[in-house]
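The values are calculated or read from the model by the stated rules, or taken from the named source; none is laboratory data. The model shown is predicted, which means the values in this text are computed figures rather than measured ones. All Cβ positions, glycine included, derive from the backbone under ideal geometry; neighbour counts span all protein chains shown.
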Amino acid sequence: MTKTSETLVDRPVLSTWAAQADASIELAPEQVRNFSPQAEHFPRGSRVFLTHLTGKPEALQVEAALRIQEMGYVAVPHYGARNFKTEKDFVDLISTHSRNGISEALFLGGNPPLFAGPMGESAQLLAHPVLKDSAIKTAFVAGYPEGHPNIAEIGLKDALRRKVDICRDRSLEVRVASQFAFDGRMIGAWAESLHTEYPGLAVHVGLAGVTSLTKLIRFSMMCGVGPSIAALRRSANGLFNIIADRNPAEVLEAMAASYPEPTAPVHLHFFPFGGWEKTLSWFGDYREARGQRAIDR
């Protein structure tokens with residue numbers, strides 16, 4: 001057992017759902033060529049989300065999704081509305097993935113504030129008629145536990161309601177996949193509030209994977225993660241704390257304490273900024289340590 005596991009074993013047992021939850025991971029399409037996790041750390045049937053970024057050839061995402069499927073995982077490609085130069089580009093990508101049997105996808109507005117294409121919101125993608133005849137059965141939409149830097153809270157709630165309604169009108173299973181954050185109690189409260197408003201809705205909470213504090217702060221600023229960055233900066237106390245890898249154990253523990261008995265599915269979605277190997281290996285140890293601690297009690 002690793003040093004990380006030994007530390008976790010010594011902690012008191014809270015709710016065990018966080019260690020038992022299904023986990024997914026997000027990769028850039030080019031990372032898939034070297035993706036070969038151990039089955040005990042990331043079992044077959046787990047979801048692999050594939051990014052869709054401006055300037056990246058969409059053929060890379062298609063190739064990556066096929067490889068993920070062949071490996072026995074579930075490919076979940078992103079569709080960023082603002083990344084499509086034409087409506088036909090979106091239709092063609094949906095059609096190609098559908099021919100390859102891709103049945104799940106994450107629909108996003110996308111990051112560029114200025115864009116040349118005809119679509120700027122994920123709701124436009126979800127409402128597009130191409131989905132009716134596609135293989136898509138499950139639609140993920142974005143969630144923001146600590147809000148969005150450019151969208152007011154009421155706007156976020158209205159947008160989510162609209163997307164949920166569109167999915168349900170089209171008989172799509174809707175799920176929420178969230179941006180990462182570092183305040184576990186806030187994440188737990190946010191997931192609970194979604195379950196109150198949308199009973200039965202599956203929520204996949206975003207977590208930053210194992211990486212250094214400096215990288216976490218940098219990626220947080222790039223991704224617009226706001227209030228919980230303060231907690232990271234306060235922990236930058238001494239050189240070792242700055243360069244040592246951080247894992248999301250404390251976030252998970254606080255989240256489980258805040259929402260100990262979820263009323264609908266809560267899953268974990270990792271953003272592996274320090275590399276997928278570190279994150280999946282750590283999570284395998286975390287599961288083992290929490291499970292063993294529960295047995296010992």
Revision key, fill the gap. Among residues of the stretch 7-20 being hydrophobic (A, V, I, L, M, F, W, C) and surrounded by fewer than 20 Cβ atoms within 10 Å (Cβ to Cβ), the residue modelled with the highest pLDDT is W17
Practice item. Quick one: count up the residues across the stretch 158-190 that are free of Cβ contacts under 8 Å to residues at least 12 places away in the same chain and closer than 22 Å to K137 by Cβ. Key: 5
**Study point:** Matching residues, the stretch 171-201, being in a loop (DSSP other than H, G, I, E, B) and modelled with pLDDT under 95
**Key:** A181, F182, D183
